[in-house]
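The values are calculated or read from the model by the stated rules, or taken from the named source; none is laboratory data. The structure presented is a predicted model; accordingly, all values stated were derived computationally and were not measured. Please note: Cβ atoms are built from the backbone with ideal geometry, for glycine as well, and neighbour counts cover all protein chains shown. Heavy atoms of the whole protein, side chains included, go into the accessibility calculation; ligands, DNA and RNA do not. Shrake-Rupley method; radii C 1.70, N 1.55, O 1.52, S 1.80 Å.
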Amino acid sequence: MNYKEFTVKISSDAVENAGEILIAELADFDFESFAEDEYELKAYIPVAHYKVQERSIINFLSVNGYEYKITEINDDVNWNAEWESNFDPIDVNGQCYIRAPFHNDVKGCKYIVTIMPKMSFGTGHHATTHLMIEGIMDSDIKNRSGLDMGSGTGVLAILAVKAGAMWMDAIDIDEWAYENCKENIELNRTSENINVFLGDAGLLAEPGKYDFILANINRNILLADMDKYSVSIKPGGELFLSGFLDIDSEVIRKKAEENGFVFVDEKHRNGWCMLKFKKTI
C-alpha cells in the first residue's frame, strides 16, 4: 500500500502538547500512523484516502497556519528498518514492558509484550495506548472474554491475554493493521487466545458477547459506535475508552451514559483521557 507522508512543523513552546493536539485533529481524517519529535510530526495516510480528503486536509492545515511538506511513500519501503531506527522500548509503571524483537527483555517486569509495529498504531508511545495499558493492569480481567476494537498492532489484546483474559477478539478496519496484529500475536504466542478480524463495528452482531471492551480509536468513531458497544457487552461488563483529548471527555461520558453505562474511573496523560464504564442493563 502506498502512503502520503505529511511532515508538519510543530512548536511545543507555542502550545502545550501541540503535537498531541495535532494528532487528535488529524485522526479525524484517515491518517493511520504518527511519529513525533520535539519539532515535527510525521503523519501517514493511504494514498487512496488522501485523494478523497485532499482538499479538506490541506484546508485544515492552511487555515491553522501549519507549515508542512508531503512525500509519497511506496509500498517497497522497508518499514521494519524504518521503525527499528525510531522505536524505543516503553516501560509502563514498571509493570509492562513493550519492546520490539530487536530489544532485550527486562528482568522482573510483570508483562512483556513484543511488537513489530510497522505502520500500525499502538506501540505504547502514544498517551492513549499508555492509559489503556494502565486501565487493563488496574482491572481484574482473568478468565474473562474481551474485544480490542480498533486493535492496530494488537498490543492491548495481547496484554489482556497475558493478564489472564480467556480469549479476545481484535478488530481493525485497516488491512495493514490486520496483518500486523496477526504477526504480533504469533510473536507473543497468544494466537490460540486471540481472534483477528478485518472490519469495523458492523461486525458486532452478537448481543452480550463480551465481558469487557477496549476501544482506543477517536472521538467521532467512539460516539458513532457506542450503541454497538452497549449491545455487545454483557450486563456488568466493563468498557474502556480512549483516543480523545481531556476536553472531549464530557461528550464521551454523556454518550456512554445514554447507552446504559455508568462511569467508574478516569485517567489522564499529557492532555489525553481514558474513561472506564460499567454496563448496568
* If you go through segment 208-227 one residue at a time, how many are within 18 Å of the chain's Cα centre (by Cα) and in a strand (DSSP E or B)? -> 5
* Every residue from segment 228-264 that is in a strand (DSSP E or B), farther than 18 Å from residue 138 by Cβ and of a type in the set (D, E, K, R) -> 234
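Quick one: is residue 47 more than 19 Å from the chain's Cα centre (by Cα) and at pLDDT below 85?
Values: more than 19 Å from the chain's Cα centre (by Cα): yes; at pLDDT below 85: no.
In short, no.
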* How many of the residues in segment 229-281 are of a type in the set (A, V, I, L, M) and closer than 21 Å to residue 165 by Cα? -> 7
* Looking only at residues in segment 115-138 that are open to solvent by less than 10 Å² (accessible area, probe 1.4 Å) and over 10 Å from the mean Cα position of the chain (by Cα), which one is modelled with the lowest pLDDT? -> 119
* Quick one: in segment 56-88, which of the residues that are of a type in the set (Gly, Ala, Ser) and more than 17 Å from residue 115 (Cβ to Cβ) is modelled with the lowest pLDDT? -> 65
* Structure fact -> Filtering segment 255-278 down to residues that are within 21 Å of residue 204 (Cβ to Cβ) and among the basic types (Lys, Arg) yields 255, 276, 278
* Structure fact -> Restricted to segment 139-154 and to residues being out of contact with any strand residue (DSSP E or B) (no Cβ under 6 Å at 6 or more places or on another chain) and either among the charged types (D, E, K, R) or part of a helix (DSSP H, G or I) (or both), the residue most open to solvent (accessible area, probe 1.4 Å) is 142
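Quick one: in segment 225-257, which of the residues that are open to solvent by 40 Å² or more (accessible area, probe 1.4 Å), of a type in the set (Asp, Glu) and touching a residue at least 24 places away in the same chain (Cβ under 8 Å) is nearest to residue 27 (Cα to Cα)? Let's see the steps before the verdict.
Step one: list which residues in segment 225-257 are open to solvent by 40 Å² or more (accessible area, probe 1.4 Å), which gives 227-228, 231, 234-235, 246-247, 250-251, 253-255, 257.
Imposing the further condition that a residue be of a type in the set (Asp, Glu) reduces the set to 227, 246, 250, 257.
Then keep just the ones that are touching a residue at least 24 places away in the same chain (Cβ under 8 Å); that gives 227, 246.
Values: 227: 21, 246: 15 Å.
So, considering only residues that are open to solvent by 40 Å² or more (accessible area, probe 1.4 Å), of a type in the set (Asp, Glu) and touching a residue at least 24 places away in the same chain (Cβ under 8 Å), the one nearest to residue 27 (Cα to Cα) is 246.
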* To do: Evaluate segment 205-222: report whether one residue or more is open to solvent by less than 50 Å² (accessible area, probe 1.4 Å), among the aromatic types (Phe, Trp, Tyr) and out of contact with any His (no Cβ under 6 Å at 6 or more places or on another chain).
  => yes
* **Filtered residues of segment 155-176 (kept if aliphatic (A, V, I, L, M), open to solvent by 10 Å² or more (accessible area, probe 1.4 Å) and not in a helix (DSSP H, G or I))** => 163, 166, 173
* Tell me, please, whether a residue that is closer than 24 Å to residue 26 by Cα and open to solvent by less than 30 Å² (accessible area, probe 1.4 Å) can be found in segment 262-270. => no
* Asked: Considering segment 177-192 alone, what residues qualify as being open to solvent by less than 10 Å² (accessible area, probe 1.4 Å), closer than 17 Å to residue 111 by Cβ and either among the aromatic types (Phe, Trp, Tyr) or touching a residue at least 60 places away in the same chain (Cβ under 8 Å) (or both)?
  -> 184
